[in-house]
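Novice: Have a look at this one.
The values are calculated or read from the model by the stated rules, or taken from the named source; none is laboratory data. No experiment lies behind these values; they were computed from the predicted model shown. Here the Cβ is made from the backbone with ideal geometry for all residues, glycine too, and neighbour counts use every protein chain on show.
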Ligand SMILES: [Zn+2]
């Protein structure tokens with residue numbers, strides 16, 4: 001089942017002020033990845049703009065109108081979040097790219113890797129924040145539901161908590177949100193005790209991890225918490241919010257994940273999705289060191305393009321450890337398991 005990429009060089013035209021980490025050069029990295037994939041004979045699909053109704057599935061009309069009102073000019077929406085004259089159109093294109101990825105995956109044509117900016121996971125139902133205007137992944141999850149998926153999982157491995165995605169679905173039983181993130185860190189949400197509300201209780205899974213965590217820590221969290229919950233939920237469609245800002249070279253956070261650690265995480269997630277017979281869409285979020293971003297995207301393409309599903313990478317030793325590599329992961333996993341066991345009886 002061949003991988004497709006969804007990408008456009010238009011994303012370089014979303015401009016941010018000089019020195020801003022979410023800068024147009026990130027789109028040049030996406031372009032290089034897409035060009036290399038084409039050079040191997042791979043398919044790169046062009047995005048389409050999301051419709052207003054597709055945006056309104058996850059955003060208030062007031063919010064959409066506020067962003068639309070920035071068309072043709074530069075605006076500061078919060079101290080981190082800016083628009084340029086084309087940003088509204090490009091943010092709609094970023095959402096639409098994720099929907100094209102969902103269409104591909106749901107047609108049974110293999111996984112999709114969606115290369116977009118601005119990112120989306122901090123955008124809440126009624127506000128832009130954290131470099132994000134519209135929530136690309138949330139719109140993709142809602143779209144997958146509208147297209148007939150009964151259960152959709154969003155796995156967010158950006159180093160920051162995806163407050164927007166959590167907020168949009170926190171009372172929705174049909175959409176699982178699982179996040180690993182540095183904690184404490186921006187935006188401050190994502191405590192392990194945040195588990196969703198009402199009918200959505202138990203459909204929000206937060207795994208906050210201490211600063212300084214590396215490959216072993218993330219492997220342990222995925223093996224002990226994320227993969228078992230994905231297996232129990234058995235989503236029809238799984239969407240990964242892939243931020244590469246947990247990388248050791250990233251300037252915005254303090255995690256120590258290597259490119260090989262990201263390769264292992266993507267392999268683990270792909271194997272988990274394949275094991276449950278679901279469909280996989282991977283959508284970019286953060287990642288602000290350009291060489292690390294490029295290397296991690298190359299690794300991601302290799303993992304998603306491999307046939308059959310690659311081995312799941314090093315699986316953490318589940319035996320308790322008191323110190324050394326993996327201690328942050330062990331502590332994070334055990335805290336999350338203690339909170340989540342009532343909702344997921346299969347967790348050990
Ligand atoms: Zn991030």
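Novice: Within the set of pairs 6+ apart or on separate chains, which have a first residue in segment 1-15 that is farther than 19 Å from residue 25 by Cα, a second that is in a loop (DSSP other than H, G, I, E, B), and C-beta atoms under 6 Å apart?
Specialist: Note: pairs meeting the criteria are 1/110; 2/110; 3/110; 3/111.
Novice: So which residues in segment 180-202 are within 16 Å of the ligand (Cβ to nearest atom) and touching a residue at least 40 places away in the same chain (Cβ under 8 Å), if there are any at all?
Specialist: Within segment 180-202, 180, 182, 185, 186, 187 meet the criteria.
Novice: Filter segment 10-31 down to the residues that are touching a helix residue (DSSP H, G or I) at 6+ places or on another chain (Cβ under 9 Å) and exposed (fewer than 13 other Cβ atoms within 10 Å of the Cβ) and list them by number.
Specialist: Scanning segment 10-31 gives a single hit, 25.
Novice: Among the residues of segment 66-102, which ones are within 16 Å of the ligand (Cβ to nearest atom) and in contact with a helix residue (DSSP H, G or I) (Cβ under 8 Å, 6 or more places away or on another chain)?
Specialist: 94 - this is the single residue of segment 66-102 that is within 16 Å of the ligand (Cβ to nearest atom) and in contact with a helix residue (DSSP H, G or I) (Cβ under 8 Å, 6 or more places away or on another chain).
Novice: I would also like to ask the following. Pairs, please: C-beta under 7 Å, at least 6 apart or cross-chain, first residue more than 19 Å from residue 29 (Cβ to Cβ) and in segment 244-264, second in a loop (DSSP other than H, G, I, E, B) and within 11 Å of the ligand (Cβ to nearest atom)?
Specialist: 255/159; 255/246
Novice: Restricting segment 114-134 to residues that are out of contact with any strand residue (DSSP E or B) (no Cβ under 7 Å at 6 or more places or on another chain) and over 17 Å from residue 86 (Cα atoms), which is nearest to the ligand (Cβ to nearest atom)?
Specialist: Only one residue tops the list, namely 124.
Novice: If you go through segment 225-265 one residue at a time, how many are part of a strand (DSSP E or B) and within 12 Å of the ligand (Cβ to nearest atom)?
Specialist: 3
Novice: Any residue in segment 266-289 that is away from the ligand (no atom under 16 Å from the Cβ), surrounded by 20 or more Cβ atoms within 10 Å (Cβ to Cβ), more than 29 Å from residue 149 (Cβ to Cβ) and in contact (Cβ under 8 Å) with a residue 12 or more places away in the chain?
Specialist: Looking through segment 266-289, none of the residues is away from the ligand (no atom under 16 Å from the Cβ), surrounded by 20 or more Cβ atoms within 10 Å (Cβ to Cβ), more than 29 Å from residue 149 (Cβ to Cβ) and in contact (Cβ under 8 Å) with a residue 12 or more places away in the chain.
Novice: Given the criteria surrounded by fewer than 24 Cβ atoms within 10 Å (Cβ to Cβ), modelled with pLDDT of 95 or more and closer than 26 Å to residue 129 by Cβ, does residue 186 qualify?
Specialist: yes
Novice: Residue 208 is checked against (1) within 13 Å of the ligand (Cβ to nearest atom); (2) surrounded by fewer than 24 Cβ atoms within 10 Å (Cβ to Cβ) and fails just one. What number does that condition carry?
Specialist: So the condition that residue 208 fails would be (1).
Novice: Which one of these is away from the ligand (no atom under 16 Å from the Cβ), part of a helix (DSSP H, G or I) and either without any contact (Cβ under 8 Å) to a residue 24 or more places away in the chain or under 25 Å from residue 33 (Cα atoms) (or both): 138, 105? Even if it seems obvious, please write down each step before you answer.
Specialist: On the way: 138 fails: away from the ligand (no atom under 16 Å from the Cβ).
Result: 105 is the single residue among 138, 105 that is away from the ligand (no atom under 16 Å from the Cβ), part of a helix (DSSP H, G or I) and either without any contact (Cβ under 8 Å) to a residue 24 or more places away in the chain or under 25 Å from residue 33 (Cα atoms) (or both).
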